[in-house]
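Scroll down for the structure; my scribbles are underneath it.
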Amino acid sequence: MNSIGKLMMMLNPDKTQMIAPEDALPGRSEPDFVVPETHAVLGTPLKPPFPEGIEVAYFALGCFWGAEQLYWGLGGVYSTAVGYQEGVTPNPSYEEVCSGKTGHAEAVMVAYDPDQVSYEDLLKVFFEEHNPTQGMRQGNDVGTQYRSGIYFVNDAQKETAERVAAAYGADLRSAGKESVTTEIAPAGPFYYAEDYHQQYLYKVPNGYCGLKGTGVACTIPTPA
């Protein structure tokens, strides 16, 4: 947890409880910062429209710095970006998300070429590279913003995510682990995070990353 997160935790110690919509921060109609146009590592656009054939997926697996790095190095990934998703407050700032009063998860947008890397491949990275059993936390990072989530954009992604999550949950239980707490929900608005968060671990190579998997491999089940 970074220094801002620690401060916000002290100000709002019950950050593991989702904020009620009526209690959420009001936000703003437009972001108060400019999102960079180009990916610092891949040199591709950070925002759509993307080239024909490129599809988009959204994942939340704890601190989004490390989550984004996992995906930008994957073959077939066209672009990535970090942002805030599945919350209430429009166009939140990082400090607002850290307060636990916006309802957002720290998420990563993955734009990918399905002819080179499948959605199942993205899910395998998702499940193996974090601990999807911890509820509203990821290791020492505690709060609703660190929850595990898969946010689907169509029925095919929904079916695949549910199938893989169920199979991985069974594998975890067989290994003596806890049950999966990953939320699987329709992708809501994705609000891009501030410039300094984008490709953070490229800009700050020794920066913090608390992601850690369970050690249980994710075997992709075949469709029924």
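Annotations
- Cross-link reach is defined here as a Cα-Cα straight distance under 16 Å, omitting same-chain residues fewer than 8 places apart; for LYS177 the lysines meeting it are LYS212.
- With the simple model of a label 7 Å out from the Cα in the direction of the Cβ, GLU95 to GLU37 spans 3.0 nm.
- Cα-centred dipole magnitude for the stretch 81-149, charges only on beta-carbon of K, R (+1) and D, E (-1), debye, nearest 20: 360
- For the chain, the dipole from Cβ point charges (+1 on Lys and Arg, -1 on Asp and Glu) about the Cα centre works out to 640 debye, to the nearest 20.
- Sequence ranges 156-163, 140-147, ranked by mean other-Cβ count within 10 angstrom, highest first: 140-147, 156-163
- Residue of THR89, THR133, THR44 that the Gaussian network model of the chain assigns the largest fluctuation, springs spanning Cα pairs under 10 Å: THR44
- For LYS15, the aspartates and glutamates whose Cα falls under 19 Å of its own Cα, not counting residues fewer than eight places away in the same chain, are ASP23, GLU86, GLU95, GLU96, GLU106, ASP141, GLU183.
- Net length gained if the chain between GLU178 and THR16 were fully extended (0.36 nm per residue, minus Cα distance): 56.5 nm
- Taken as Cα centroids, the stretch 27-81 and the stretch 169-205 sit 14 Å apart, rounded to the nearest whole angstrom.
- The protection proxy used here, the mean number of other Cβ atoms lying within 10 Å of each residue, ranks peptides 98-107, 53-62 as follows, highest first: 98-107, 53-62.
- What the Cβ-Cβ distance of GLU120 and PHE50 gives, at R0 = 22 Å and to the nearest 0.05, is a FRET efficiency of 0.60.
- Per residue, the average separation of C-alpha pairs within less than 8 Å and at least 6 apart gives the stretch 104-224 a relative contact order of 35 percent.
- Simple spin-label estimate for ASP113 and GLU162 gives 3.2 nm between the two label positions (7 Å along the Cα-to-Cβ direction from each Cα).
- With the charge dipole of the stretch 67-224 set up from +1 on Lys and Arg Cβ and -1 on Asp and Glu Cβ about the Cα centre, the Cα lying farthest toward the positive end among the listed residues ALA217, GLY73, LEU172 is that of LEU172.
- Taking every C-alpha pair closer than 8 Å and separated by at least 6 residues, the mean separation divided by the residue count of the chain gives a relative contact order of 28 percent.
- Of the DSSP H helices in the chain, those whose Cα atoms cover at least 18 Å axially and whose Kyte score averages 1.6 or more: none
All of the numbers you see were taken from the coordinates with simple rules; none came from a lab. In this text, all values refer to a predicted model and were calculated from it rather than measured experimentally. Because the Cβ atoms are built from the backbone with ideal geometry, glycine has one as well, and the counts that use them run over all protein chains shown.
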